[in-house]
Every structure is written in C-alpha cells, then in structure tokens.
Amino acid sequence: MKINQMCTEAYQIAKSNGWHGEPRETGTLLALIHSEVSEALEADSKGDNENFIEELADIVIRVGDLCGSRNIDLEKAITEKMEINKKTFLQTRGQGLLMKVQIEDNLYLELDDKCFVIKEYTGKEDNKGKALFKNIRIFPNSRTGNEKACSDENKTI
C-alpha cells in the first residue's frame with residue numbers, strides 16, 4: 001500500500017467510525033497521535049514487543065488520518081524531508097554535539113554548543129582524505145556571546 005493510499009483509507013475508516021462527525025482542530029488530532037506514542041512507550045517499557053508494534057501502527061494510522069482529513073500529500077512530504085535529512089550530519093566533538101547541514105552545493109552550516117559557522121567546501125582533502133572547508137562567517141550563540149571562543153575551537157567534521 002502506498003503512503004497516500006494509507007492516509008486516505010485511515011481517514012475513511014475513522015470517518016465511517018464517527019471520529020470526524022464534527023471538524024477537529026489540529027491540536028486534538030496531534031493529542032491523539034501523542035496518546036499512541038505514550039502507549040507505545042509504555043508497551044516498550046514493559047517489554048511487550050507485540051503491543052509496542054501495534055502501537056507504532058496506531059501512530060502511523062493516526063498520522064494518516066490527520067493527513068487524509070487535510071488532503072496532505074504525506075508521501076511527497078516524507079520524500080522531500082528524507083532528501084533534507086541526507087544532507088544533515090550529527091556527530092560528537094569533544095564534549096559538544098555538532099550538527100552540519102548542507103545549505104547549497106558547497107555551503108554548510110555547522111552548529112554546536114558554542115557557535116554557528118557557515119563553511120564552504122574547498123573541493124580539496126587533507127592527506128588523510130578528509131574534506132577541507134573554509135570558514136565564511138562565524139556567529140557566536142547566545143551562551144558564549146564571544147566570537148573568539150567560537151573560532152578557537154572551531155573544527156570541521
């Protein structure tokens with residue numbers, strides 16, 4: 001079954017079972033999704049794998065119902081978001097967490113607990129085959145407030 005077909009079917013089933021007698025606000029539909037997430041967490045904490053899997057299915061069905069009721073092309077949204085995720089990297093560096101997001105072809109945004117850095121891929125690699133980047137602009141975050149603290153430790157991933 002295709003994702004959008006599942007969304008349409010989830011909505012139709014919910015509608016035929018009386019879940020959409022009156023228009024529902026987004027917050028209510030999201031709360032229903034959240035309740036399924038909580039049930040999945042509870043099942044997992046009890047080691048009840050069968051119920052855990054069933055609750056995961058309920059989460060997807062509730063998301064499908066929401067998307068079906070709003071004519072949201074979830075399949076397209078997932079495909080587009082997965083393309084974005086392919087360009088997002090998360091690694092640890094020392095004590096901090098580092099995320100790198102590809103903005104354009106050779107431009108990246110790096111962020112950690114100290115700063116935001118826009119970097120440009122130089123097209124070159126060091127002698128270990130690691131990509132080399134040039135800092136374009138460094139922005140300290142609100143906690144450091146200090147560009148020097150940011151630039152002294154700024155290493156690329």
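Since every read-out is calculated from the coordinates, none of them should be taken as a lab result. Note that the coordinates shown come from a computational prediction; the quantities given were computed from them, not determined experimentally. Backbone-built Cβ (ideal geometry, glycine too); neighbour counts: all protein chains shown.
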**Study point:** Linear extension gain, residue 103 paired with residue 45, 0.36 nm per residue minus alpha-carbon span
**Key:** 17.0 nm
Exercise for review: Beyond 27 Å between alpha-carbons counts as too far, so tell me which of 2/86; 46/76; 15/76; 15/86; 2/100 fall in that bin.
Suggested key: 46/76; 15/86; 2/100
**Study point:** Rounded to whole Hz, the Karplus (6.51, -1.76, 1.60) HN-Hα couplings of the stretch 14-22, x for glycine and proline
**Key:** 4, 5, 5, 8, x, 6, 10, x, 10
**Study point:** FRET efficiency, 1/(1 + (r/R0)^6) with R0 30 Å, evaluated for residue 127 and residue 80 via beta carbons
**Key:** 0.20
Review point. Each residue of the stretch 56-72 in order: what ³J(HN,Hα) in whole Hz does its phi give by Karplus 6.51 cos²θ - 1.76 cosθ + 1.60, θ = phi - 60°, with x for Gly and Pro?
Key: 4, 4, 4, 4, 5, 5, 5, 5, x, 4, 4, 5, x, 6, 10, 6, 8
Review point. Spin-label point model (7 Å from Cα, Cβ direction): what's the residue 57 to residue 70 distance in nm?
Key: 2.6
Review point. What percentage of all Cα-Cα pairs in the stretch 29-69 are separated by more than 10 Å?
Key: 64
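Dividing the Cα convex hull volume of the stretch 1-114 by residue count, how many Å³ per residue is that? Intermediate values should be presented prior to the final figure.
Details: hull volume 19.2 nm³, N = 114.
Convex hull volume per residue, Cα atoms: 169 Å³.
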Check your understanding: What is the distance, in nm, between label points placed 7 Å from the Cα along the Cα-to-Cβ direction at residue 38 and at residue 136?
Key -> 4.5
**Study point:** Amide H partners (placed H, <5 Å) of residue 115, local residues excluded
**Key:** 141
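Under a Cβ-Cβ cut-off of 12 Å, what is the net charge of the residues other than residue 35 that fall near it, where Lys and Arg count +1 and Asp and Glu count -1?
Details: positive: 62; negative: 36, 39, 42, 55, 58.
Charge balance near residue 35 sits at -4.
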Check your understanding: With +1 on each Lys and Arg Cβ and -1 on each Asp and Glu Cβ, how big is the dipole of the stretch 11-51 about its Cα centre, in debye rounded to the nearest 20?
Key -> 240
